[in-house]
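In what follows, a single structure is set out as structure tokens and then discussed.
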Amino acid sequence: MNPAPPEKRRGWVRKFADAFFGIGRGMRGQNSFLVHLPCAVAVLVLAALLPDISRGDWCLLILCISVVIAAELFNSAIEHLVAVVHPERHPDVGAALDIASAAVLICSWGAAVVGLIVLGPPLWRWVMSY
């Protein structure tokens with residue numbers, strides 16, 4: 001039996017196009033993004049309006065947003081893979097999906113705590129100044 005011929009290497013433009021397609025595909029049909037994306041926008045707008053947000057704080061906020069979105073995309077990828085590989089219900093498959101969802105939840109909680117630590121004090125000072 002002859003081995004399959006090696007695949008032609010994809011160029012960088014194609015790799016990025018596939019990645020952006022993956023973002024759209026991962027977000028499609030996922031209600032979680034209806035929560036995560038508006039929250040991310042609200043955090044970024046609030047951070048832009050507050051005067052005391054340092055570059056380091058910006059980095060933390062952007063990193064937290066990125067981690068939550070990436071975790072949600074990993075969860076979506078697992079859900080798509082399970083639908084093809086094991087479409088019938090199985091307790092272990094359900095447990096794997098629950099664990100992936102729990103990872104998103106933990107990332108979201110961590111991001112919320114970081115958001116409160118970073119944005120809370122300047123927001124409190126701004127509110128109390130009126």
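Structure values in brief
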read-out	value
Between 0 and 90°, nearest 10: helix 55-85 axis offset from the chain longest Cα axis	30 degrees
Ellipticity estimate at 222 nm from DSSP helix runs (n ≥ 4, -39,500 (n - 2.57)) divided over the chain, nearest 500	-28000 deg cm²/dmol
Helix 12-27 axis, angle to the chain major axis (alpha carbon atoms, nearest 10°)	70 degrees
Computed P(r) (all Cα pairs; the stretch 1-92; 10 Å bins; percent)	13, 29, 29, 19, 8, 2, 0
Ranked packing of 63-73, 8-18, 40-50, most packed first, by mean Cβ within 10 Å	63-73, 40-50, 8-18
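Bear in mind that the values in this text are calculations on the coordinates, not laboratory data. Since we're looking at a predicted model, the values are computed, not measured. Glycine also receives a Cβ, built like all others from the backbone with ideal geometry; neighbour counts cover every protein chain displayed.
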